[in-house]
Amino acid sequence: ENFPNVEEIFVLNGKFKNLTHENFQNLISLTTLELKHGKISKIDQNSFNDLTSLENLSLEKNEISYIHSKTFWQLENLKVLNVNGNQLTILHPKTFEKLINLHALNCQNNQLVTLDRQLFVNKPKLR
């Protein structure tokens, strides 16, 4: 179904494990997506491609261990990204490349050993 006017989605303790493009099709007005304290372990590369209006994305406290380098590339309006409390061990240097409006990033409480400097190139708004 189409939900072009939905602006916010909040899911706490969700049971779904995989995020796919089909999960978010036609949500062109979505500005906030919070999927917290769930079982998400896999995010398809094109999961968020239709969410061009998205400004706030929280995937806090799930079971995500890997994020493809192009997962967030369509989210040029994203201002806040929260991946706190997952199982990430590495972030590809180009993961945040297209997030030109990113103001806040939380990637605490993961298993990250190092962060490549390229992750933060051309992010003047990032605090």
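The values are calculated or read from the model by the stated rules, or taken from the named source; none is laboratory data. Every value quoted in this text rests on a predicted model; they were computed, and no experiment measured them. Cβ atoms come from the backbone with ideal geometry, glycine included; neighbour counts cover every protein chain shown. Areas reflect the complete protein model, heavy atoms only, side chains present, ligands, DNA and RNA absent. Shrake-Rupley method; radii C 1.70, N 1.55, O 1.52, S 1.80 Å.
Details
- Total charge dipole magnitude, the chain, about the Cα centre, Cβ charges on Lys, Arg, Asp, Glu only, Debye to nearest 20: 500
- Top of 106, 56, 82 by mean-square fluctuation, Gaussian network on the chain, Cα under 10 Å: 106
- In the full protein context, the chain carries 57 Å² of accessible surface per residue, based on a 1.4 Å probe and ignoring ligands, DNA and RNA.
- Per residue Cα convex hull volume in Å³ - calculated over the range 1-74: 76
- Among the chymotrypsin sites (Phe, Trp or Tyr not before Pro) in the range 21-127, none is located in a DSSP loop while being surrounded by at most 14 other Cβ atoms within 10 Å of its own Cβ.
- Reported label for calculated Cα extents along the principal axes in Å given (1) 42, 30, 21; (2) 76, 23, 18; (3) 38, 34, 21: (1)
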